[in-house]
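Heads up: the structure comes next, in structure tokens.
The values are calculated or read from the model by the stated rules, or taken from the named source; none is laboratory data. Just so it is clear, the model here is predicted, and its values are computed rather than measured. So basically every Cβ, Gly included, is an ideal-geometry build from the backbone, and we count neighbours across all protein chains shown. Remember, those area values only see protein heavy atoms, side chains included, never the ligands or the DNA or RNA. Shrake-Rupley method; radii C 1.70, N 1.55, O 1.52, S 1.80 Å.
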Amino acid sequence: MIIEEICAFCGQNIRQVAQMIKSPINNSIYICDKCAAITVAVSNGEINKRAASDLRGDWKNARNMEVIKKKQKWHDIVFNLTPSEIHMELDKYIIGQEHAKKVLSVAIYNHNKRLHDKTGLIKKSNILLAGSSGCGKTLLAKTLAKILDVPFVIADATGMTEAGYVGDDVEICIQQLIAVADGDIEWAQKGIVYIDEIDKIARTGKNRSITRDVSGQGVQESLLKLIEGCTVSVPVSDRRKHPQGNNVQFDTSNVLFICGGAFEGLFDVEKKTTVGFNTGQTEIEDDEKKTNEKLTSEALKKYGIMPELIGRLHVKCALAGLTENDLVHVLTEPEDAITKEYQMLFKQDGINLIYEEEALHEIARLAIEKETGARGLRSILENVMLDAMYDLPDKKETTSKCIITKECIETKQPTIVKKRQKRKNTAIVAETSTGTG
């Protein structure tokens with residue numbers, strides 16, 4: 001009788017794995033290369049027994065060891081972060097928006113508790129972020145995902161349509177989440193989905209028209225169950241699902257949904273107070289408070305968001321516009337600040353890049369003038385630095401410093417400091433003659 005080679009741990013056969021190892025004492029017992037690697041990792045202390053035990057029934061979906069290690073990190077580290085510690089991590093990358101950071105820190109902390117809760121009593125609180133373009137909505141969501149180290153995707157609501165029409169079904173965000181999680185459904189179900197431009201799917205009118213609003217109200221209706229929590233059939237190999245397709249069942253109950261939008265016109269009154277060059281801290285806090293007072297369910301309903309969708313976005317937070325001083329801090333303080341990025345690029349050529357304070361304020365002023373917020377800082381700086389980045393690599397042997405001044409923002413001609421030429425020391429050789437004296 002021929003014994004089929006089947007892994008005693010995961011149940012896969014020889015055709016599904018790269019290698020099968022036979023037991024030296026029993027010819028009918030085998031272990032595959034994947035399970036052997038996990039076993040060795042447990043023995044060496046790279047992952048703990050709990051993480052391996054959690055994967056016992058799902059090892060076939062664990063494509064590599066990195067997936068397993070990330071799961072363990074989520075189990076062992078993230079749950080220990082307090083709201084204040086989450087706030088401190090956000091401070092490393094995001095300038096200002098103190099109220100938004102506090103709201104999100106508490107929301108994420110409670111979401112972590114819910115993911116570890118076995119009673120089912122802790123309910124999910126989805127989040128709505130509202131604020132002008134470039135104020136940090138997307139960056140906040142990205143940074144939270146980085147802190148949590150869970151699967152994270154950004155979906156654009158403007159590309160979504162009601163099922164059956166040209167465009168993407170709302171399930172596309174879940175499909176992307178599965179792809180980011182390397183096909184691991186269990187891990188993807190603990191991820192975060194950020195739906196951008198949620199304000200662009202507002203209803204076109206108060207009453208239903210004869211023709212369906214398939215990219216507005218139709219999308220809102222499709223999002224209701226998805227955001228609240230339900231089991232959906234998601235295609236894994238095609239953008240659209242069909243009965244004969246390769247679909248998987250996905251439970252969105254534990255997926256945290258963060259929706260963001262500019263909601264132009266909703267905060268017009270506050271724009272006069274939030275944009276200022278010498279705004280004090282107290283005034284900024286007052287402006288944030290006034291902006292959040294504007295973000296009411298009634299205001300969102302008038303804007304065109306369905307009451308049912310508003311009710312599923314439990315945490316609502318408005319982000320204030322960034323001041324000139326805020327934008328200067330954005331340019332210089334975060335760990336991934338763009339000025340630090342350029343300084344690193346020039347340093348590799350042996351050139352010291354220096355930004356004068358007045359130049360940074362001029363860049364921030366232009367961003368406010370163009371109403372692009374923090375998002376526009378890179379495009380302004382790219383334009384300013386283009387000629388210097390093109391010319392200086394050819395002159396790196398003679399260039400010591402590149403100084404960006406206020407005048408340079410307009411002329412695009414930075415101040416160049418050349419290296420000092422080293423003087424050649426002429427060695428004087430004294431000849432001594434030895435005589436017979």
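Computed quantities for the displayed model
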| quantity | calculated |
| --- | --- |
| Residue, modelled with the highest pLDDT, within region 202-227, restricted to residues that are more than 24 Å from residue 266 (Cβ to Cβ) and open to solvent by 90 Å² or more (accessible area, probe 1.4 Å) | 225 |
| Residues satisfying the stated conditions in region 79-120, i.e. of a type in the set (S, T, N, Q) and touching a His at 6+ places or on another chain (Cβ under 6 Å) | 105 |
| Residue within region 311-322 that is over 17 Å from residue 385 (Cβ atoms) and without any contact (Cβ under 8 Å) to a residue 60 or more places away in the chain present | yes |
| Cross-chain or 6+ apart pairs with Cβ under 8 Å, region 105-119 first and open to solvent by 40 Å² or more (accessible area, probe 1.4 Å), then among the small types (Gly, Ala, Ser) | 110/125 |
| Sole exception among (1) modelled with pLDDT of 90 or more; (2) touching a helix residue (DSSP H, G or I) at 6+ places or on another chain (Cβ under 8 Å); (3) open to solvent by less than 60 Å² (accessible area, probe 1.4 Å) for residue 376, by number | (1) |
| The one condition in (1) open to solvent by less than 30 Å² (accessible area, probe 1.4 Å); (2) of a type outside the set (A, V, I, L, M); (3) farther than 23 Å from residue 131 by Cβ; (4) within 23 Å of the chain's Cα centre (by Cα) that residue 346 fails to fulfil | (4) |
| Failed condition for residue 386, given (1) at pLDDT below 90; (2) assigned to a helix (DSSP H, G or I) | (1) |
| Number of the exception - residue 399 against (1) modelled with pLDDT under 90; (2) more than 30 Å from residue 95 (Cα to Cα); (3) touching a helix residue (DSSP H, G or I) at 6+ places or on another chain (Cβ under 7 Å) | (1) |
| Of the criteria (1) within 27 Å of residue 191 (Cα to Cα); (2) modelled with pLDDT under 80; (3) not charged (D, E, K, R), which one residue 88 fails | (2) |
| Boolean, residue 150 is under 14 Å from the mean Cα position of the chain (by Cα) and of a type in the set (A, V, I, L, M, F, W, C) | yes |
| Those residues of region 80-104 which are free of Cβ contacts under 8 Å to residues at least 12 places away in the same chain and acidic (Asp, Glu), in sequence order | 85, 91 |
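Yes or no, residue by residue, for (1) in contact with a strand residue (DSSP E or B) (Cβ under 9 Å, 6 or more places away or on another chain); (2) at pLDDT 90 or above; (3) under 30 Å from residue 203 (Cβ atoms); (4) open to solvent by less than 10 Å² (accessible area, probe 1.4 Å):
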{"site": "308", "(1), (2), (3), (4)": "no, yes, yes, no"}
{"site": "315", "(1), (2), (3), (4)": "yes, no, yes, no"}
{"site": "325", "(1), (2), (3), (4)": "no, yes, no, no"}
{"site": "354", "(1), (2), (3), (4)": "yes, yes, no, no"}
